[in-house]
Amino acid sequence: MLNLDNIQDFTRRKHFPGTLNNEFDRILRRFDDIEKISSSLFSVILFLLATFVTYPNYVQTLILFAFFIVDWLLLLLLPVKKISFGPAKPPALILAILRIPFAILPFPLWLVFEFLGTLLVIYGFWIEPQRLRVTYQKLETEKFPKNFSLRLLHLGDLHLERITQREKRLNEWIQRLQPDIILFSGDFLNLSYNEDPVAIQQVREILKEWNAPLGAFAVTGSEAVDLENVVPLVLDGIPIRWLKNETVIVEKDSTPFAISGITCSHRPFQDEPILQRLSENLPNVFSILLYHSPDLAPNAARYSFDLMLVGHTHGGQVCFPLLGPLFTASLYGRRFQSGRYQIRDLVLYITRGIGLEGKAAPRVRFLCPPEIILWEIRGTSHQFTNEPLSMEKNS
């Protein structure tokens, strides 16, 4: 159980994850300028980096420079092969800098590590981002009658640039898993493509296939990603119910449960009054809170929600053995990474998401594959009676 009894006060904080001009956003936008450098000048920069580290060993300089160029070519080929569609020069420069410490090792050790680096680039950029996995979760509750079961599919952080094999595989999984209901916790488009007409049309093609007997429901993600003027275009005519600070009652086999969806501002102190209002009006049924970021979870644990489904962190995208991710875009730092948490009576699940960060961020995943989560929520109550519900019902 995660101990977060002392909820942090963020009211004096100036910048928030998922919003424009936060620290991470400013770094990404500055790195975007690297892509504007001409290819010839960028090649010179890479050669000078190799020379600086290996001088006066010119043979090693040429070998290291060759590894830099191979990384760059591997990144340039990603959109050609329709794997990802980010800029190549910023991550190529990052990879070159990461290779430098290994170049000072004695021969042939440095060469072994450089070859290993190339294999990691191939895996992290070409393979793992496409390895969409299904995570299975179970939950039992007395708020459902015995022998009742709900199959709930949680999706998050689609971040579509263009349709790739990953999105095609996603829709194949949806058809195969046959969930009763689909819940999406925000970020439809990639930050680099959130006003791109082709991306908008292609994300609509993917969303059209999100069908389930009890429906599909979604909240918007970060305000910098799910733009207020774009989301209506994305969802127009799509059979997905957009929840905007509201609760709906859904029934399966005459058994009701509640889904509350809150628009994420990434400011817990701003969203908690909405959380409180929705909680006060909840009937005594199993209640799900759909939100984009985990940062509202400590606040939500003080109210009457049973399950909270979020995303946003991407699990860090790059994780290290034993250490986990070095960075997650959360106000609580690495305390919220990915997976299942228990905060008092609230079960929280943070999905690693489906897509990748945008702008100059490397389109990479390492030890953090994309996921969708299938929940099997079973009832345990022997004495279950339906109460009259006055809220809006979706059946």
* Structure fact -> Restricted to segment 126-158 and to residues being in a loop (DSSP other than H, G, I, E, B) and open to solvent by 10 Å² or more (accessible area, probe 1.4 Å), the residue farthest from L214 (Cα to Cα) is R131
* Asked: For segment 103-125, which residues satisfy the criterion of being surrounded by fewer than 18 Cβ atoms within 10 Å (Cβ to Cβ) and within 16 Å of N57 (Cα to Cα)?
  -> I104, L105, P106, F107, P108, L109, L111
* Any chance L155 is within 30 Å of E376 (Cα to Cα), in contact with a Lys or Arg (Cβ under 8 Å, 6 or more places away or on another chain) and of a type outside the set (V, I, T) -> no
* Could you tell me which numbered condition P283 fails, if it satisfies all but one of (1) outside any strand (DSSP E or B); (2) crowded, with 21+ Cβ neighbours inside 10 Å; (3) in contact with a strand residue (DSSP E or B) (Cβ under 8 Å, 6 or more places away or on another chain)? => (2)
* Asked: Among L278, L290, which is of a type in the set (A, V, I, L, M), without any contact (Cβ under 8 Å) to a residue 40 or more places away in the chain and touching a Phe, Trp or Tyr at 6+ places or on another chain (Cβ under 9 Å)?
  -> L278
* If a residue has to be more than 16 Å from V134 (Cα to Cα), assigned to a helix (DSSP H, G or I) and open to solvent by less than 10 Å² (accessible area, probe 1.4 Å) to count, how many in segment 166-202 make the cut? -> 1
* When residues of segment 218-232 are limited to those that are of a type outside the set (A, V, I, L, M, F, W, C) and out of contact with any helix residue (DSSP H, G or I) (no Cβ under 7 Å at 6 or more places or on another chain), the one surrounded by the most Cβ atoms within 10 Å (Cβ to Cβ) -> G221
* Is it fair to say G156 is small (G, A, S) and touching a Cys at 6+ places or on another chain (Cβ under 9 Å)? -> no
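Quick grid of which residues meet (1) farther than 17 Å from L155 by Cβ; (2) hydroxyl-bearing (S, T, Y):
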position: G311; (1), (2): no, no
position: V318; (1), (2): yes, no
position: F327; (1), (2): yes, no
position: R335; (1), (2): yes, no
position: S338; (1), (2): no, yes
position: Y341; (1), (2): yes, yes
position: L348; (1), (2): no, no
position: G355; (1), (2): no, no
position: A360; (1), (2): yes, no
* Considering I34, I45, I127, which residue is closer than 30 Å to A329 by Cβ, among the β-branched types (V, I, T) and touching a residue at least 60 places away in the same chain (Cβ under 8 Å)? -> I34
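Restricted to segment 309-334, and to residues that are assigned to a helix (DSSP H, G or I) and modelled with pLDDT under 95, which residue is surrounded by the fewest Cβ atoms within 10 Å (Cβ to Cβ)?
Within segment 309-334, the subset assigned to a helix (DSSP H, G or I) is 314-316, 333-334.
Okay, now just the ones that are also modelled with pLDDT under 95, so 333-334.
Values: G333: 10, R334: 14.
Ranking the candidates gives G333 first.
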* Structure fact -> Exactly one of L75, L20 is aliphatic (A, V, I, L, M), crowded, with 16+ Cβ neighbours inside 10 Å and either touching a residue at least 24 places away in the same chain (Cβ under 8 Å) or closer than 19 Å to R334 by Cα (or both), and that one is L75
* Asked: How do the helices (runs of 4 or more DSSP H) wholly within segment 1-88 filter down when requiring 3 or more residues that are at pLDDT below 95 and under 33 Å from the mean Cα position of the chain (by Cα): which remain?
  -> 23-32
* Within the group E223, E205, E209, E228, which residue is more than 28 Å from I274 (Cα to Cα) and assigned to a loop (DSSP other than H, G, I, E, B)? -> E209
* Members of segment 113-172 that are over 17 Å from the mean Cα position of the chain (by Cα), at pLDDT 95 or above, of a type in the set (S, T, N, Q) and over 30 Å from V198 (Cβ atoms) -> T118, Q137, T141, S149
* Asked: R12: surrounded by fewer than 17 Cβ atoms within 10 Å (Cβ to Cβ) and either charged (D, E, K, R) or farther than 28 Å from L331 by Cα (or both), yes or no?
  -> yes
* Asked: If we scan segment 236-250, do we find a residue that is basic (K, R), part of a loop (DSSP other than H, G, I, E, B) and open to solvent by 50 Å² or more (accessible area, probe 1.4 Å)?
  -> yes
* Asked: Regarding G215, is this residue surrounded by fewer than 21 Cβ atoms within 10 Å (Cβ to Cβ) and touching a strand residue (DSSP E or B) at 6+ places or on another chain (Cβ under 8 Å)?
  -> yes
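The values are calculated or read from the model by the stated rules, or taken from the named source; none is laboratory data. None of the values given here were measured: they were computed from a predicted structure. Every residue, glycine as well, gets a Cβ built from its backbone with ideal geometry; the counts of neighbours run over all protein chains shown. Please note that ligands, DNA and RNA were not included when accessible areas were found on the heavy atoms of the full protein model with its side chains. Shrake-Rupley method; radii C 1.70, N 1.55, O 1.52, S 1.80 Å.
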